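> Below is one structure. I have some questions about it.
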Amino acid sequence: MADVVVKDLQDLVSDLNDLIGQFEGALDFQNEDKGLWGQHNANLSMGDFAANWTIHRDAMVKDMKSLRDEVTKVDQAWAQSDTQLLQSFQN
């Protein structure tokens, strides 16, 4: 039977926080290129794409935050269990 190894959960939470920040910050860049695409229909298409992407990006951010919160709970539960196990061996 394989050993259960739980490590780097805090690193995963940190990485998720970085990704969430990048995705949330992407909205700042959305309108920078507005009107630069030459033809009017190209500008409209790029605007439509940006609006559609915003919807999907928001859903992904919500899912990443949920995953981050669950990983945090697992990390805390694991640490608590590990501490309790150590204390039981010391007594």
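> Residues in the range 50-69 that are of a type in the set (Lys, Arg), surrounded by 12 or more Cβ atoms within 10 Å (Cβ to Cβ) and within 26 Å of Asp8 (Cβ to Cβ): how many?
2
> Can you list residue pairs whose Cβ atoms sit under 9 Å apart, with the first residue in the range 50-79 being modelled with pLDDT under 90 and the second being loosely packed, with under 13 Cβ neighbours inside 10 Å and of a type in the set (Asp, Glu)? Count only pairs 6 or more apart in sequence or on different chains.
Sorted first by the residue in the range 50-79, then by its partner, the pairs are Ala50/Asp33.
> Something else now. Looking at this structure, is Gly47 modelled with pLDDT under 80 and assigned to a helix (DSSP H, G or I)?
yes
The values are calculated or read from the model by the stated rules, or taken from the named source; none is laboratory data. Just so it is clear, the model here is predicted, and its values are computed rather than measured. Here Cβ is always computed from backbone atoms with ideal geometry, including for glycine, and neighbour counts include all displayed protein chains.
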